[in-house]
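A short worksheet on the structure shown next.
Bear in mind these aren't lab numbers, they're just calculated from the coordinates by the rules spelled out. These numbers were taken from a predicted model, which means no experiment stands behind them. Cβ sites come from the backbone with ideal geometry, for glycine too, and all protein chains shown count toward neighbours.
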Amino acid sequence: MKKKNPQDIHNLSTTLHRGVADTSPPAESAKPVVLFNGLCSLCKREIGWYRKLDSQRRALVWQDLHKADMLLKDNGLTIDKAVQQLHIILPDHSVRVGVDAFRYIWLQIPQLKPLAWLVAVPGIYQIFTYLYELWLKHYYLKRFSTK
């Protein structure tokens with residue numbers, strides 16, 4: 001896979017965030033892109049809450065994965081894979097998934113940092129992971145799996 005310039009994801013994330021081509025000068029660093037399932041009402045409500053908390057800082061770009069074909073493809077993801085769990089694409093093109101993606105969001109939002117620190121505690125991380133996977137298996141994937 002070709003090494004990507006972190007500026008490329010900035011340009012794409014800015015375009016996705018604004019809904020138009022970006023003509024402004026490049027920022028010092030690109031922003032992480034949170035991919036969420038816009039067809040899931042619970043997911044949209046939760047992401048809406050995060051967006052509201054992030055509205056002043058705008059540390060993250062929020063993107064419905066159903067409208068991100070190029071972004072998914074450019075980062076080695078498929079819609080089938082992305083719809084299964086929360087994903088964040090970082091400026092270096094690494095990807096955080098599941099509880100690690102939630103922790104990343106929480107670390108970017110000052111009001112939620114204590115939750116991120118709590119989840120980092122050994123044992124608590126495993127409990128959050130178990131509960132998230134349980135929710136995925138018994139609720140989310142039954143409704144949104146593409147398989």
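Peptides 104-113, 42-51, 85-94 ranked from most to least packed by the mean count of surrounding Cβ atoms within 10 Å: 85-94, 104-113, 42-51. For TRP62, the residues whose amide H sits under 5 Å from its own are VAL34, ignoring neighbours fewer than 5 places away on the same chain, with H placed 1.01 Å from N.
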